[in-house]
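Visitor: Input: one structure, supplied below.
The values are calculated or read from the model by the stated rules, or taken from the named source; none is laboratory data. Since this is a predicted model, take the numbers as computed values, not measurements. Cβ: placed from backbone, ideal geometry, glycine included. Neighbour counts: every protein chain shown.
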Amino acid sequence: MIVLLILGVILIGGFIAWEGYCKFPLMPLRIWRDKNFSLVNIVVLLGFMPFTSSNFWLSLYMQNVLKYSPLSVAVHLLPQCIAGVLVNVVAALILHKVNNRLLAGVGSLAYVAASLLLALMKEDSSYWAFIFPSLVLAVVGADLHFNVANVSTSVIFFPCLKLTAVDVRNVIAPTSSTVTRWRHLQYGDQSLDSSRSRYLSLHL
């Protein structure tokens, strides 16, 4: 896994170097000179890391600690999908009426609150007091940041660079997910080995 991660970093570095060298780059490096564009992408990158990783850890927690079935886990995570649809509808209605910095701030606070709820949760904590609001707040942060980033990117650049900037921004979220999933795979292998060891010790 670590070899693939290092290889990915090398390839990204090579891509950036080539984009700065070639005459007609896919991603002109000058788009990063705009501080607003750079900042909004950093915010999306950092925000999507806890957002994408929380479901992984919650799934493990519900199955290994609370002993929920896979179907029950899916049902308990369903509120996040419903909340995501509702948040996007609300965002579409207010995005052109409310200051985008305010919406980004609300999204950031929602991320912090969601992470704190999961960090302070104990084994016997109520689902409705901790997990449920955390799921809702996490998707509030993700969708507000996503919508604000889309609008900001579309108004920052001239038409000739808008599509490129939007494409770059659309790569940021999957990139953060990839980094966190690499760690998840490491933990998943360790968890599987631990479960096998416990099973063998009990049945042999």
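Visitor: Scan the range 18-29 for residues that are without any contact (Cβ under 8 Å) to a residue 12 or more places away in the chain and surrounded by 11 or more Cβ atoms within 10 Å (Cβ to Cβ) and report the count.
Guide: 4
This table checks each residue for (1) in a helix (DSSP H, G or I); (2) farther than 30 Å from L120 by Cβ; (3) under 14 Å from the mean Cα position of the chain (by Cα).
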residue: L26; (1), (2), (3): no, yes, no
residue: N36; (1), (2), (3): yes, yes, no
residue: T52; (1), (2), (3): yes, no, yes
residue: N64; (1), (2), (3): yes, no, no
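Visitor: Any chance you could count how many residues in the range 100-123 are surrounded by 13 or more Cβ atoms within 10 Å (Cβ to Cβ) and not hydrophobic (A, V, I, L, M, F, W, C)?
Guide: 6
Visitor: Here is a further query. In the range 66-76, what residues are touching a helix residue (DSSP H, G or I) at 6+ places or on another chain (Cβ under 8 Å) and in a helix (DSSP H, G or I)?
Guide: Those that are touching a helix residue (DSSP H, G or I) at 6+ places or on another chain (Cβ under 8 Å) and in a helix (DSSP H, G or I): P70, S72, V73, H76.
Visitor: Pull up the range 20-40, narrow it to residues that are farther than 16 Å from N150 by Cα and among the aromatic types (F, W, Y), then point me to the one that is modelled with the highest pLDDT.
Guide: Across the range 20-40, the extreme among qualifying residues is Y21.
Visitor: Right, next: Taking W32, is it outside any loop (DSSP other than H, G, I, E, B), touching a Leu at 6+ places or on another chain (Cβ under 8 Å) and closer than 24 Å to T178 by Cβ?
Guide: No; evaluated as a whole, the condition is false for this residue.
Visitor: Is it true that F56 is assigned to a helix (DSSP H, G or I) and at pLDDT below 90?
Guide: yes
Quick grid of which residues meet (1) at pLDDT 90 or above; (2) assigned by TED's automatic domain parsing to the domain that holds V166; (3) surrounded by fewer than 18 Cβ atoms within 10 Å (Cβ to Cβ):
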residue: V44; (1), (2), (3): no, yes, no
residue: F48; (1), (2), (3): no, yes, no
residue: A74; (1), (2), (3): yes, yes, yes
residue: Q80; (1), (2), (3): yes, yes, no
residue: V98; (1), (2), (3): yes, yes, yes
residue: S125; (1), (2), (3): yes, yes, yes
residue: W128; (1), (2), (3): yes, yes, yes
residue: H145; (1), (2), (3): yes, yes, no
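Visitor: Being at pLDDT 80 or above, within 30 Å of L7 (Cα to Cα), of a type in the set (S, T, Y) and out of contact with any Lys or Arg (no Cβ under 8 Å at 6 or more places or on another chain) is the filter here; which residues of the range 147-191 pass it?
Guide: Hit for the range 147-191 is T164, nothing else.
Visitor: Exactly one of (1) surrounded by 14 or more Cβ atoms within 10 Å (Cβ to Cβ); (2) of a type in the set (V, I, T); (3) within 19 Å of N170 (Cβ to Cβ) is unmet by I12. Its number?
Guide: Exception for I12: condition (1).
Visitor: Using the structure shown, decide if V98 is of a type in the set (V, I, T) and part of a loop (DSSP other than H, G, I, E, B).
Guide: Yes: the conditions hold for V98.
Visitor: Return the residues of the range 32-64 that are closer than 12 Å to I131 by Cβ and without any contact (Cβ under 8 Å) to a residue 60 or more places away in the chain; say none if nothing qualifies.
Guide: Once the filter is applied, which keeps residues that are closer than 12 Å to I131 by Cβ and without any contact (Cβ under 8 Å) to a residue 60 or more places away in the chain, the range 32-64 yields N55, S59, Y61, M62.
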